[in-house]
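A.B. asks: Here you go, one structure.
The values are calculated or read from the model by the stated rules, or taken from the named source; none is laboratory data. Everything numeric here is computed off the predicted structure, so don't read it as measured data. FYI the Cβ positions are ideal-geometry reconstructions off the backbone, even for glycines, and counts take in every protein chain you see.
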Amino acid sequence: MSKTLTLVRPDDWHLHVRDGAVLKDVLAHISNQFARAVIMPNLKQPVTSVDLAKAYRSRIDSALKQLGVPHFTPLMTLYLTDITSRDEVRKASENQIIGFKLYPAGATTNSDAGVTNIKHAYPALEAMQKYSVPLLIHGEVTESAIDIFDREAVFIDRILEPLRKDFPELRVVFEHITTKQAAHYVRDADTKGKNTLAATITAHHLLMNRNSLFAGGIRPHHYCLPILKREEHRLALIEAATSSNPRFFLGTDSAPHPKGEKESSCGCAGCYTAHNAMGLYAEAFYSVGKLDLLEGFASFFGPDFYCLPRNRDQITLVQQAEKVPFEFTLGDTVLVPLRAGETIAWSLAR
Ligand code: NCD
Ligand code: ZN
């Protein structure tokens, strides 16, 4: 008999579903496993206002309706800019916006409209602190002179720590952490007993180190930002994710890009894991004998941080290898998922 794990249905606290024709197919993958997902706002036209978020939400809702999965809830975010106003933050807090996403300008996909200097965002951050709207952070400095493998650690010292000193009550989620420094920073931070700091961790950063970028040749489908790091960092992430510390919870950062835009002379950053993210997380937890701790990480600590109810229904994962296709056709684009042509050791019981 194959091993199984039944757990309360998880949520994805960091997801890219994009827009247009791919939207429905990405949602089909993710809603199989998850009840809710935090929808990233880095569309080509960034989601910078409540009105744009409402319009995006209604496109997502109609895709969900077409799919026949009304049980899935998108949690909308707004894209923080240099000119986000206090009033927009207040409006966001009154319209179920789950948080603002800070993209340092130039840090990642569609981040050109992001924040050029954190001080420019101080009026908005003040309002976020006041209205208790979380700040979701892409934590990398953008200076090209700083080694790409160091950009997250430098961000902590130069931006995150001063920011948290200036806004001690601001609720911060350090997104898709990739380093020992980030894992330890979040673990050790003194939040004065308040629920003001958390981090999401992706499945691919739990399973791969930077060697995967160059295994047998250059591997564009393993390129994401923040970039994969050394093995010691992967081990620190595994330790954090499997520590039962409620500051660490699941965020896939599944980020679809057309095959041609990944396999190019200047390929885009992003790994696609939505097809079986829970299978990948199960692999990671199982690899260190901590499968029983997956439920807290995947299903409890996220809603607890965001002050939302935990889900009630359950899913079951089976230790049964699932073959991953070489490609998916999503809408009008072809996409290469993580583990294309290989297997994932765990699958969803059907
Ligand atoms: C994301 C994307 O493609 O939107 N890419 C990535 O490498 N993770 C953006 C992001 O979250 O950095
Ligand atoms: Zn992301």
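A.B. asks: I'd like the full set of residues that are surrounded by 23 or more Cβ atoms within 10 Å (Cβ to Cβ), under 17 Å from residue 184 (Cα atoms) and either among the small types (Gly, Ala, Ser) or touching a Cys at 6+ places or on another chain (Cβ under 7 Å) (or both), limited to segment 220-258.
C.D. replies: The one that is surrounded by 23 or more Cβ atoms within 10 Å (Cβ to Cβ), under 17 Å from residue 184 (Cα atoms) and either among the small types (Gly, Ala, Ser) or touching a Cys at 6+ places or on another chain (Cβ under 7 Å) (or both): 241.
A.B. asks: Considering 31, 2, 85, which residue is more than 16 Å from the chain's Cα centre (by Cα), more than 16 Å from ligand 2 (Cβ to nearest atom) and free of Cβ contacts under 8 Å to residues at least 60 places away in the same chain? Working first, answer last.
C.D. replies: Numbers: 31 fails: more than 16 Å from the chain's Cα centre (by Cα); 2 fails: free of Cβ contacts under 8 Å to residues at least 60 places away in the same chain.
From the options 31, 2, 85, the qualifying one is 85.
A.B. asks: Of all residues in segment 96-106, which are crowded, with 21+ Cβ neighbours inside 10 Å and farther than 27 Å from residue 303 by Cβ?
C.D. replies: 104
A.B. asks: Pairs under 6 Å by beta carbon, first residue under 19 Å from residue 279 (Cα atoms) in segment 236-261, partner within 11 Å of ligand 1 (Cβ to nearest atom) and of a type in the set (Phe, Trp, Tyr), six or more apart or different chains?
C.D. replies: So the pair list comes out as 254/272; 256/272.
A.B. asks: Of the residues in segment 222-237, how many are of a type outside the set (D, E, K, R) and more than 16 Å from the chain's Cα centre (by Cα)? Show your work before the answer.
C.D. replies: From segment 222-237, those of a type outside the set (D, E, K, R) are 222-228, 233, 235-237; that's our starting set.
From the residues that got through so far, the ones that are more than 16 Å from the chain's Cα centre (by Cα) too are 233, 235-236.
Of the residues in segment 222-237, 3 are of a type outside the set (D, E, K, R) and more than 16 Å from the chain's Cα centre (by Cα).
A.B. asks: Output the strands (runs of 3 or more DSSP E) that fall wholly within segment 1-74 and possess 2 or more residues being more than 16 Å from ligand 1 (Cβ to nearest atom) and over 16 Å from residue 310 (Cα atoms), or say none. Even if it seems obvious, please write down each step before you answer.
C.D. replies: Details: elements: 4-8, 12-15, 36-39.
In segment 1-74, the matching strands (runs of 3 or more DSSP E) lie at 4-8.
A.B. asks: Looking at the structure I just gave you, is residue 42 of a type outside the set (Lys, Arg), touching a residue at least 60 places away in the same chain (Cβ under 8 Å), more than 28 Å from residue 299 (Cα to Cα) and within 13 Å of ligand 2 (Cβ to nearest atom)? Don't jump to the end; show me each part of the working.
C.D. replies: Details: of a type outside the set (Lys, Arg): yes; touching a residue at least 60 places away in the same chain (Cβ under 8 Å): yes; more than 28 Å from residue 299 (Cα to Cα): no; within 13 Å of ligand 2 (Cβ to nearest atom): yes.
Here the answer is no, as residue 42 does not meet what is asked.
A.B. asks: Looking at residue 19, is it touching a Lys or Arg at 6+ places or on another chain (Cβ under 6 Å) and within 16 Å of ligand 2 (Cβ to nearest atom)? First the steps, then the outcome.
C.D. replies: Working: touching a Lys or Arg at 6+ places or on another chain (Cβ under 6 Å): no; within 16 Å of ligand 2 (Cβ to nearest atom): yes.
Considered against the rule, which asks whether it is touching a Lys or Arg at 6+ places or on another chain (Cβ under 6 Å) and within 16 Å of ligand 2 (Cβ to nearest atom), residue 19 comes out as no.
A.B. asks: Regarding residue 173, is this residue modelled with pLDDT of 95 or more and in contact with a helix residue (DSSP H, G or I) (Cβ under 7 Å, 6 or more places away or on another chain)?
C.D. replies: On the way: modelled with pLDDT of 95 or more: yes; in contact with a helix residue (DSSP H, G or I) (Cβ under 7 Å, 6 or more places away or on another chain): no.
So residue 173 fails the test.
A.B. asks: Testing residue 70 on (1) surrounded by fewer than 16 Cβ atoms within 10 Å (Cβ to Cβ); (2) within 16 Å of ligand 2 (Cβ to nearest atom), one condition comes back false. Which one is that?
C.D. replies: (2)
A.B. asks: Specify the residue that is nearest to ligand 2 (Cβ to nearest atom); the eligible residues are those in segment 127-146 that are in contact with a Phe, Trp or Tyr (Cβ under 8 Å, 6 or more places away or on another chain) and over 19 Å from residue 158 (Cα atoms).
C.D. replies: Kept after step one, since they are in contact with a Phe, Trp or Tyr (Cβ under 8 Å, 6 or more places away or on another chain), are these residues of segment 127-146: 128-129, 133-141.
From what is left, the residues that are over 19 Å from residue 158 (Cα atoms) are 128-129, 133-134.
Working: 128: 19, 129: 23, 133: 19, 134: 15 Å.
Filtering segment 127-146 for residues that are in contact with a Phe, Trp or Tyr (Cβ under 8 Å, 6 or more places away or on another chain) and over 19 Å from residue 158 (Cα atoms), the one nearest to ligand 2 (Cβ to nearest atom) comes out as 134.
A.B. asks: Let me ask something additional. Considering 44, 54, which residue is more than 19 Å from residue 133 (Cα to Cα) and out of contact with any strand residue (DSSP E or B) (no Cβ under 6 Å at 6 or more places or on another chain)? Spell out how you get there, then give the answer.
C.D. replies: Numbers: 54 fails: more than 19 Å from residue 133 (Cα to Cα).
From the options 44, 54, the qualifying one is 44.
A.B. asks: Additional query: May I ask you to list pairs of residues, at least six apart or on different chains, whose Cβ atoms are under 8 Å apart, with the first in segment 176-195 being farther than 30 Å from residue 270 by Cβ and the second being in a loop (DSSP other than H, G, I, E, B)?
C.D. replies: 192/168; 194/169
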